[in-house]
Each structure stands twice: as C-alpha cells, then as structure tokens.
1. Only one of Ile130, Ile148 is without any contact (Cβ under 8 Å) to a residue 60 or more places away in the chain, among the β-branched types (Val, Ile, Thr), surrounded by 14 or more Cβ atoms within 10 Å (Cβ to Cβ) and within 25 Å of Gln37 (Cα to Cα). Can you tell me which?
2. Quick one: how many residues across the stretch 114-171 are touching a Gly at 6+ places or on another chain (Cβ under 8 Å) and either at positive phi or of a type in the set (Ser, Thr, Tyr) (or both)?
3. Just to verify a result, which residue in the stretch 75-86, among those that are within 16 Å of Phe59 (Cα to Cα) and hydrophobic (A, V, I, L, M, F, W, C), is surrounded by the most Cβ atoms within 10 Å (Cβ to Cβ)?
4. When the stretch 107-123 is examined, which residues are found to be buried (at least 18 other Cβ atoms within 10 Å of the Cβ) and of a type in the set (Asp, Glu)?
5. Only one of (1) touching a residue at least 24 places away in the same chain (Cβ under 8 Å); (2) in a helix (DSSP H, G or I) is not met by Asp34, so which one is it?
Amino acid sequence: MRIITGKYKGRVLETLPDKSVRPATDRVKTTIFDMLQNRLGLKGILVLDMFAGSGSLGFEALSRGAGKVVFVDDMEEILDVMEKNAESLNCIPDTEIIRSDAMSYIEKSSRSFDLIFADPPYSYERLNEIPRTIFEKNILNSSGYLIIEHSKRTVFDASPLFSLAVQKEFGNTRVSFFIHHKLNGEKA
C-alpha cells in the first residue's frame, strides 16, 4: 500500500500482515481525493480518520496538504503500525494517534473537523449510527465532508441532519460522501 500523490508520493505504508485490516485500495483513494479536490481545499485542514487501520486515508490527506490528522482505532497492534508509518514519513507532529472505539470517540469529542473518514469493518453493527452521531454532535464543520467506505448492501436512512451528496461503487464497496444540508439551493 502506497501514498498516491503529494509530498509523500510513492512512499509505502506498513499494515498488519494478517488481513484483519482492510486498507482502502489505490483506486478508491484516488477517486475519493479526486472528488475532494473540486469540493474541499485540503491545505491546512483538520482531518479525523476513524477506524483508521494503517492510516492510509489520513496519511494521503497529510501528503496532499492537510494540517493535522487525528487517527482513531481500538487495536493496539495497528496503532503501533500507524506510529511507525508516521515516524517513517517524519510527520509525527502532524498526527495524533488515539486508542479508542471510534463511536465512543465521536460521542465524546468536542473538536470540529473539516474532513472525516470512516472505514469500519463491513460487519460493524453501528455503521448506520455514524453519520447521525457526527451530525448530531456537530463535529463536522459546515463546509466539511464525512466519507464512509462500506459494503454496497448498506443503505443509510435519510435524515434532516445531513445530505448524502455522492456515492461511488467499486465492486462490493461503496463510498458515500455526506454533507450538512445546504440552504437556499446552494450546491454541494
């Protein structure tokens, strides 16, 4: 697994060899960041990478100019891998690595992020709660994006709290972009 572009372009990230972590593929990452390029400036933003795994999405955001990434995962082994990745990229000051259940973290967080990635296991029982909790807690800035990678069988309930702006499919994987509801016909 490698970083696609930016200041860390081509650098290889470590992950766990046992397949317990499912990193975003290069194709998925490329699509996500190509779509963000026209919607959200990454320069200096604060990013939350929930269910971070190897940190692939967060490190890609740092490579493309994000100011800081908060990585949240509850597996001790993967946190060690993330720390090694941050050390090898020499970006430790730009990262915060937190051991926590991702939902517990967002339920307690008082921070406000510009971009939030969530890449939970496809079998994660609380998957449908992620957008509702993030928008209820108002931890996504008004012009920010929540991006969830999930099984294409997952359908999110409509909500007055957020809009589903875009969805892209890659085989059995779907990537959903959530935003705050826009007022007076503003475009996403």
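1. After ruling out the rest, the residue left standing is Ile148.
2. The number of residues fulfilling the criteria is 0.
3. Restricting to residues being within 16 Å of Phe59 (Cα to Cα) and hydrophobic (A, V, I, L, M, F, W, C), the top hit is Met82.
4. Asp114, Asp119
5. Evaluating Asp34 over (1) touching a residue at least 24 places away in the same chain (Cβ under 8 Å); (2) in a helix (DSSP H, G or I) leaves (1) as the failure.
Matching residues to (1) out of contact with any Gly (no Cβ under 8 Å at 6 or more places or on another chain); (2) surrounded by fewer than 22 Cβ atoms within 10 Å (Cβ to Cβ); (3) within 26 Å of Phe135 (Cβ to Cβ):
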position: Phe33; (1), (2), (3): yes, yes, yes
position: Gly44; (1), (2), (3): no, yes, yes
position: Ser56; (1), (2), (3): yes, no, yes
position: Glu60; (1), (2), (3): no, no, yes
position: Asp73; (1), (2), (3): no, no, yes
position: Ser88; (1), (2), (3): yes, yes, no
position: Glu96; (1), (2), (3): yes, yes, yes
position: Asp101; (1), (2), (3): yes, yes, yes
position: Tyr105; (1), (2), (3): yes, yes, yes
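We did not get these values from a lab; they are worked out from the coordinates using the rules stated. The structure displayed is predicted, hence computed values, not measured ones. As a convention, Cβ positions derive from the backbone with ideal geometry for all residues, glycine included, and neighbour counts pool all protein chains shown.
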